Each structure stands twice: as C-alpha cells, then as structure tokens.
Amino acid sequence: MDTAVHLLAADAPSQLLPARELMAFTLASHIILVPMGVALPLITLVMHYLGLRRNDATALLLARRWSAVMAVQFAIGVVTGTVLSFEFGLLWPGLMGRWGDVFGIGFGIEAWAFFLEAVLIAIYLYGWRRLKPRTHFLLGLPLPAVALLGTFGILAANSWMNTPRGFTLDAQGNPVDVNVWKALFTPMLGPQYWHFVVAMLMTAGFVVAGVYAVGWLRGRRDRYHRLGFTVPFTLAAVATPVQLVLGDSIARSVFQKQPVKFAAIEIVWETDSHVPEYLFGRLHPDGSVSGGIKIPQLDSILAGFSPDTVVTGLSSVPASDRPNATQATIAHWAFDIMVGIGSVLILLVLWYGVVWLRHRRLPRSPWFYRSAACAGVGSVIAVECGWITTEVSRQPWIVYQNMRVAEAVTSTRSSTLWIMFALVIVVYVCVFGAFLMVLLRMRDRWRETDGSAAEGPGEAPEAVTPYGPRPPVPAGDPRPPHDGGPSSTGTGGT
C-alpha cells in the first residue's frame, strides 16, 4: 500500500489509482495476445509457403493448425481489445475530449485494420480444402500486412503521446490547426514501431517454438515436431540480433527527445557527464541510489559514445513535472529485466546458430530445449516490461509536457472504479480460462488424429494433408471426418 501511495501525488484525485490499476491490468492482459496477433500470421504463411513449395504435407498440416490457433486467439483479442477501447473513453475522458481530434486517427486506422484482419482470417480458414492451394495461399498473403497496419495505428497514437506534434494551442490551451500527417508521423514513431514489431516476431516465434521444444523434451522427436520447432525458432533467431540494434536506437531516441524520461529509466538524479550505469538498484527521493551494481561512466558512454556525454537528471525539472523516485525505480527495473532477457535470448540464438553452421542440424542438448521452452515465457515478460518502461517513465504526463494523467482521469467515484476493476478481473479470468481450455482441447484432438493416422498401414501422422482427400471414417464412429484442423464448416478445430 505504501508503494501505491508513492505512485500518486499528494493532491491527486482519489479515482486516479483505481483508474490506473484497471487500465494497467487490462493492457497487461491484452498485450499477452498481441505478439500472436501481429506475428503468427507471418509465421503461419512461411510454413504454408514451405509446404506448397516442397509439397510437404507436414508443413501444410502445421500451417492449418496454426491458422486455427490464430483464429481463436483473434476472437479473444476482440474481447480484450474492445474493453481497452471503452476504457479510453470511460477512464480518461479528459484525454479523448481535448486531444481526440489530434491523435484519434491512429485508433481509426487500427479499427479498420482489425476489421480487415477478421475478414481475411475467415477467408483463410474457409479456404482449406475449398480453394486451389496457390489461390488459397495468395489470399492469405495480405494478413501480415494488415496486422502491421493495425500495429501502426496503435503505435502512432502511443508515439504521439510521447512526442506530441501536429497542432497549435489556442488561448484556452485547446489544440487547433491539426496537421494529421505530423500527428501520425511523430519523432518517436519510427524507433518505437520497428522495435515493437520485431519484438512481436521474436515473442511469437519463441512461444510457438517453445511448444514443440516441450514436445521434444517429452520424447516426441518426429519430423512434425522438428519442423514445428525449427521454422518459428529460426524466424525469432533472425529477429533477435536485429532487435539488439533497434533497442539501442530507441534508447538513444529517448535520450535525445525525452531526456527526463531517459533519466527516469536510468535513475539519473543530477545532470552531469561521466554518469554511471546502475544494474537494478533503487532511487530514493533525495537522489541517492541503493543496491544494484554500479558501472562507472557507462551510462554516458551508452548515451553518446563518450564518457563526456552530459545526461540530463531528474532534478533538472520541478518535482511536479517528473516521475517520482518509486516510479523511476519501477521503470528502471522493468528496463533492466527487458534488457537482461534480451541478452539471454542472444546467447540462446548464438548456441543455435553455431550448432547449425558447424553441423547443419539442431542442437541435441536437453538444456537447449529447456531454454527454448522458457524463451517464449521470457519474451512475453520482456514485452510486458517494455510497456511498463514506456508508460511509467512518462509520468506524470499522459500527453508528454501537455497534459498530466490527473487532468485526464474520469470524475467517477473511486469506489465504483474498484468495483469495475473486480468485475473485469473475474471476466478476464473466465475469458483466458476458456481460451486455455479451447487450446488444450485442440491439442488433444490433434494428438488423437495423429495417433489414428499413425495406426494406419504405413501411414505417418503428417500424411494427412489439408489439401488431400479426407481420411475415411471408421465404421460406427459418430464423429465427422477431420484432419485435426478446422472442421468442415470452416470454424475452429475444436
């Protein structure tokens, strides 16, 4: 409770804490689904392409099954995304009322992309067995582009909140003369967008590969599991060193364009050169830092390639215009956790690359697959930490240097907001519980299908291709024929 008090200014409205907690919970829940929504279409289509090019039944079967997961995930994302959309208006009417005309175009783009993605996913699911293979694949090609378009809309809005542009203020402080293009393409959009997109590809790749890594550890070492692991893991492995460069780029962009935010992330109190880097550690209200590992001069070197680089400190602005010590510590820890996970993933990718280059095979060590199984979870944690870093270090501003969070919050009583928060938790537990049950049911059905196929004369599980004839139904079996993917009606594979 003491931490919660320190997160708020002394004169902050009582409804600010529950509004923040509710928004943080729903955003943290929704962002678990985002990597799969953004990157799983691309991973699926890569597998689909390999299947068509090589006439590979295993690859086609994996692509179809992943498309079923993609559809279920999208349906859950509709629920969590809709809740977030309502919360912007319900919890932050000051933001939407004053600034909606400036940055609302980003949400409009995301809404149209969301609609198009729903149509394209439906067509892609329906196309299995009903369309010619080449036609079906070509109709799926727009899916990754539409997913990136939706990401662009959201990141354009968030980047604008970090570096607002494209307007002038009248005498009452309201935005006028809105320039939509400047509001969309703000200074932070490029670094933030590409950093986020590559993070989504990494996370989705490691999550999908982790499923098959667990299968490998449990003795399922057929070609189905090898291919299911190799394709997504390779895509994530290629993206990981790219992310290292993009992460460095966005950190420098924050240093140049949001110096106080950078100071919060690095818990820098006094403006100075030769600033040390702290790995973890805690910032106190008097500017002192306790705990952590201090590396002399490294922060200045990282910021400007020289120990003489001057880094702006938190004390350079009034206390009302900067994150407090608790908020800065939270942002700093989130940033360090994100960077730490990224560093471990780099080592895992190097392990994979060295073995492949030297022996042209996958690693055989169980520890590699244990690490790969954990990589998906670690990537999701890194994504969560990235958003915590972005949002908490911007405090107290909801629109950087233009509107404080306390000015945007709703006037609804705090007790009502706490009740809403409790109801949302209950609903989300049910929604994510149902999501997990559906995935487990799909998994069990696919294993049952593979087992039935493997019992046939000379037939492997992967021989059941989404473009081939349907397997015969045994006499007396009441179930409709299926191949472990979506059913004949084009709905899910459950």
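Quick check, is A319 more than 19 Å from R252 (Cα to Cα) and open to solvent by 60 Å² or more (accessible area, probe 1.4 Å)? Yes, satisfied. Screening T168 with (1) touching an Asp or Glu at 6+ places or on another chain (Cβ under 7 Å); (2) open to solvent by less than 50 Å² (accessible area, probe 1.4 Å); (3) over 30 Å from D56 (Cβ atoms); (4) not charged (D, E, K, R) gives one miss only, at (2).
Within region 61-80, the set of residues being more than 30 Å from Y49 (Cα to Cα) and either modelled with pLDDT of 90 or more or within 15 Å of the chain's Cα centre (by Cα) (or both) comprises just one member, T80. Given the conditions (1) open to solvent by 30 Å² or more (accessible area, probe 1.4 Å); (2) under 21 Å from the mean Cα position of the chain (by Cα), and given that S379 satisfies all but one, which numbered condition is not satisfied? Against the list (1) open to solvent by 30 Å² or more (accessible area, probe 1.4 Å); (2) under 21 Å from the mean Cα position of the chain (by Cα), S379 comes up short only on (1).
Kindly evaluate A263 against the criterion of being more than 14 Å from D336 (Cβ to Cβ), at pLDDT 90 or above and either touching a Lys or Arg at 6+ places or on another chain (Cβ under 9 Å) or crowded, with 20+ Cβ neighbours inside 10 Å (or both). Here the answer is yes, as A263 does meet what is asked.
Against the numbered list (1) farther than 25 Å from Q258 by Cβ; (2) among the aliphatic types (A, V, I, L, M); (3) touching a Ser or Thr at 6+ places or on another chain (Cβ under 7 Å), L217 comes up short only at (3).
Just to be sure, is L298 in contact with a His (Cβ under 7 Å, 6 or more places away or on another chain) and open to solvent by less than 70 Å² (accessible area, probe 1.4 Å)? No, not satisfied.
Sort through G51, G89, G97, G77 and tell me the only one that's within 15 Å of G140 (Cβ to Cβ) and not acidic (D, E).
Answer to the selection: G51.
Yes/no per residue for (1) under 30 Å from P175 (Cβ atoms); (2) in a helix (DSSP H, G or I); (3) not hydroxyl-bearing (S, T, Y):
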{"site": "P41", "(1), (2), (3)": "no, yes, yes"}
{"site": "M47", "(1), (2), (3)": "no, yes, yes"}
{"site": "L60", "(1), (2), (3)": "no, yes, yes"}
{"site": "S67", "(1), (2), (3)": "no, yes, no"}
{"site": "A71", "(1), (2), (3)": "no, yes, yes"}
{"site": "A75", "(1), (2), (3)": "no, yes, yes"}
{"site": "V83", "(1), (2), (3)": "yes, yes, yes"}
{"site": "F88", "(1), (2), (3)": "yes, yes, yes"}
{"site": "L95", "(1), (2), (3)": "yes, yes, yes"}
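Of note, G166 does not satisfy the criterion of being among the small types (G, A, S), under 30 Å from G108 (Cα atoms) and within 21 Å of the chain's Cα centre (by Cα).
Looking across region 82-91, the residues that are under 19 Å from G153 (Cα atoms) and open to solvent by less than 20 Å² (accessible area, probe 1.4 Å) come down to L84, E87. Exactly one of (1) surrounded by 15 or more Cβ atoms within 10 Å (Cβ to Cβ); (2) more than 20 Å from Q256 (Cβ to Cβ); (3) among the charged types (D, E, K, R); (4) out of contact with any helix residue (DSSP H, G or I) (no Cβ under 6 Å at 6 or more places or on another chain) is unmet by D286. Its number? Of everything listed in (1) surrounded by 15 or more Cβ atoms within 10 Å (Cβ to Cβ); (2) more than 20 Å from Q256 (Cβ to Cβ); (3) among the charged types (D, E, K, R); (4) out of contact with any helix residue (DSSP H, G or I) (no Cβ under 6 Å at 6 or more places or on another chain), D286 misses just condition (1). Against the test of being modelled with pLDDT of 90 or more, outside any loop (DSSP other than H, G, I, E, B) and surrounded by 15 or more Cβ atoms within 10 Å (Cβ to Cβ), the options T449, T389, T416 yield a single qualifying residue, T389.
Determine whether region 108-129 contains at least one residue that is of a type in the set (K, R), over 19 Å from the mean Cα position of the chain (by Cα), farther than 29 Å from T389 by Cα and open to solvent by 50 Å² or more (accessible area, probe 1.4 Å). Yes: region 108-129 contains one or more residues that are of a type in the set (K, R), over 19 Å from the mean Cα position of the chain (by Cα), farther than 29 Å from T389 by Cα and open to solvent by 50 Å² or more (accessible area, probe 1.4 Å). Being of a type outside the set (D, E) and under 23 Å from the mean Cα position of the chain (by Cα) is a property that F280 lacks. Residue pairs whose Cβ atoms lie under 7 Å apart, separated by 6 or more positions or on different chains, with the first residue in region 72-93 and polar (S, T, N, Q) and the second open to solvent by 20 Å² or more (accessible area, probe 1.4 Å), are Q73/M36; T80/H30.
Cβ separations smaller than 6 Å between residues 6+ apart or across chains give the following pairs from region 109-138 residues that are assigned to a helix (DSSP H, G or I) to residues that are among the aromatic types (F, W, Y) and surrounded by 16 or more Cβ atoms within 10 Å (Cβ to Cβ): I121/F74; P133/Y467. Among the residues of region 330-372, those identified as touching a residue at least 24 places away in the same chain (Cβ under 8 Å), farther than 30 Å from V392 by Cβ and open to solvent by less than 60 Å² (accessible area, probe 1.4 Å) are Y352, G353, L362, P366, Y369, A372.
The values are calculated or read from the model by the stated rules, or taken from the named source; none is laboratory data. Nothing here was measured: the structure is a model prediction, and the numbers come from that model. Here the Cβ is made from the backbone with ideal geometry for all residues, glycine too, and neighbour counts use every protein chain on show. Surface areas here come from the heavy atoms of the whole protein model, side chains and all, with no ligands, DNA or RNA. Shrake-Rupley method; radii C 1.70, N 1.55, O 1.52, S 1.80 Å.
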